[in-house]
Each structure stands twice: as C-alpha cells, then as structure tokens.
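Reading through the structure tokens given below for one structure.
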Amino acid sequence: MQKDNYALLGILGPLTAIIFIAASILLSPWFRWETNALSDLGNSVGSDTASIFNLGLLLTGFLTIIYSMTSFMKHAKFTSYVLTLTGFSLQLVGAFDEVYGMLHTQISVLFFATLALASISYMIEKRSLLAGLALIVGLASWILYGLEVYSAGIAVPEAISSMATATWVVLSAFRIYLNK
C-alpha cells in the first residue's frame, strides 16, 4: 500500500495551530484564560505576538485547505468542501485581526460555525461518532459560556471547540495515511 503523504497535512495543520498559539501565550504574560479571547494575541496594535499568532492561523488555514482538497477529498468528499471553507475562514481570522472590529467578529463567528458544520458533515458522511462527540463538546462549551455557567474568557470555548474538531481531523489523517 502506498502512503498518501498529503494526509500528513491533516496532522500538521492542527499541530501548527497549537505550536503558534502556545508560543504566543508563552510570550504574552498579560494573557489570561479567565478574561481574554485567543484573538487578543493577534491584535496587531495591542499584542507583541500578533505576527506569530496570525502567521500561525494563516499557515494552519493553508495546510487545512491543502489537506481538504487532496487526501481528505478522496476520503470524505462533501465534508472536504466544508473543511476547505473552515481553513479559509481561519485564514481570514488571521488576516483581519481584532483591529478590524466587527469584520473580525463576523469572520470569527463564520470560522466557529464552519467548525460545527464540518463536524456535522463528517458525522453524517462517515457515520463518525467522534465527530458527533466533537460537535456536542464544542456546542456545549459555547452554550455554557453564553449562559455564564462558568467564569472564563471567550478563549476557553474557542480552544475547546477547535480542539474537539481537531481530534477527528487528525484521526482521519492518520487513517488516510495508514490506508485504513
């Protein structure tokens, strides 16, 4: 069996996001999970780590798009279109940071909505329990945040919903790479 090396981008994309976001957090002593949004790290006026954070989003979006249009397209055709849109919307979040005000907010909402849509699509297309669980975890984090059940910054549901989706994306990439 020949390995599909483009599948590795499905692993590298989320890993890139984690590395760049973690580096931005480590270099920003002012960042608090209790009060901040992740996008605060990418504010081109108010954050010294904006270039690192936004580059990470742009690269992650790019890798996600390439993965979606190559290996993943053969694996889950319909979900690949949604995942491509997710990658593009992530790039827009990095390009139009908080300085852009409402435009940034609308693009961020689009990104998180496409995360949920990708999970719904994959859950249906591949009958994936993990995508269903990712959807539930992601939505629950946003609902509980909105209802103020817990006290935290918006970075918490942002991270939870993103990581939940990343779990099935990475697992799909491993499966494709191993031809299973």
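The values are calculated or read from the model by the stated rules, or taken from the named source; none is laboratory data. Please read these numbers as outputs of a predicted model, since none were measured by experiment. As a convention, Cβ positions derive from the backbone with ideal geometry for all residues, glycine included, and neighbour counts pool all protein chains shown. Note: accessible area is taken over every heavy atom of the protein model, side chains too, but ligands, DNA and RNA are not part of it. Shrake-Rupley method; radii C 1.70, N 1.55, O 1.52, S 1.80 Å.
How about the range 58-85: which of its residues are open to solvent by 10 Å² or more (accessible area, probe 1.4 Å), among the hydrophobic types (A, V, I, L, M, F, W, C) and more than 20 Å from VAL109 (Cα to Cα)?
Scanning the range 58-85 gives LEU63, ILE66, MET69, MET73, PHE78.
Looking only at residues that are touching a residue at least 60 places away in the same chain (Cβ under 8 Å) and of a type in the set (Ser, Thr, Tyr) in the range 31-57, which one is surrounded by the fewest Cβ atoms within 10 Å (Cβ to Cβ)?
Residue satisfying both the conditions and the ranking: THR35.
Taking the stated definitions as given, is ALA140 under 15 Å from the mean Cα position of the chain (by Cα) and either within 23 Å of THR35 (Cβ to Cβ) or part of a helix (DSSP H, G or I) (or both)?
Spelling it out, it is not the case that ALA140 is under 15 Å from the mean Cα position of the chain (by Cα) and either within 23 Å of THR35 (Cβ to Cβ) or part of a helix (DSSP H, G or I) (or both).
Hey, can you tell me all the residues within the range 148-167 that are open to solvent by 20 Å² or more (accessible area, probe 1.4 Å) and charged (D, E, K, R)?
Once the filter is applied, which keeps residues that are open to solvent by 20 Å² or more (accessible area, probe 1.4 Å) and charged (D, E, K, R), the range 148-167 yields only GLU148.
Given the conditions (1) at positive phi; (2) not in a loop (DSSP other than H, G, I, E, B), and given that GLU148 satisfies all but one, which numbered condition is not satisfied?
(2) is the only condition that GLU148 fails.
Could you tell me whether the range 20-30 includes any residue that is more than 28 Å from SER172 (Cβ to Cβ) and either among the acidic types (Asp, Glu) or open to solvent by less than 70 Å² (accessible area, probe 1.4 Å) (or both)?
At the first step, the residues of the range 20-30 found to be more than 28 Å from SER172 (Cβ to Cβ) are 26-30.
Subset that is either among the acidic types (Asp, Glu) or open to solvent by less than 70 Å² (accessible area, probe 1.4 Å) (or both): 28.
Scanning the range 20-30, I find at least one residue that is more than 28 Å from SER172 (Cβ to Cβ) and either among the acidic types (Asp, Glu) or open to solvent by less than 70 Å² (accessible area, probe 1.4 Å) (or both), so the answer is yes.
Can you find a residue in the range 137-145 that is within 22 Å of LEU58 (Cβ to Cβ), at pLDDT 95 or above and buried (at least 17 other Cβ atoms within 10 Å of the Cβ)? Break it down stepwise before answering.
Of the residues in the range 137-145, the ones within 22 Å of LEU58 (Cβ to Cβ) are none.
Within the range 137-145 (the criterion being within 22 Å of LEU58 (Cβ to Cβ), at pLDDT 95 or above and buried (at least 17 other Cβ atoms within 10 Å of the Cβ)), the answer is no, since none of the residues qualifies.
Output the residue which, of all residues in the range 95-130 that are assigned to a helix (DSSP H, G or I) and of a type in the set (Asp, Glu), is surrounded by the most Cβ atoms within 10 Å (Cβ to Cβ).
Filtering the range 95-130 for residues that are assigned to a helix (DSSP H, G or I) and of a type in the set (Asp, Glu), the one surrounded by the most Cβ atoms within 10 Å (Cβ to Cβ) comes out as GLU98.
Give the range 63-94 a look and list any residue that's in a helix (DSSP H, G or I) and of a type in the set (Val, Ile, Thr), or say none.
Of all residues in the range 63-94, those in a helix (DSSP H, G or I) come to 63-69, 71-75, 77-94.
Listed by number, the residues that qualify are THR64, ILE65, ILE66, THR79, VAL82, THR84, THR86, VAL93.
Kindly indicate whether THR114 is more than 29 Å from LYS77 (Cβ to Cβ) and modelled with pLDDT of 95 or more.
No, not satisfied.
Is there a residue in the range 86-94 that is modelled with pLDDT under 95, open to solvent by 70 Å² or more (accessible area, probe 1.4 Å) and of a type outside the set (D, E, K, R)?
Looking through the range 86-94, none of the residues is modelled with pLDDT under 95, open to solvent by 70 Å² or more (accessible area, probe 1.4 Å) and of a type outside the set (D, E, K, R).
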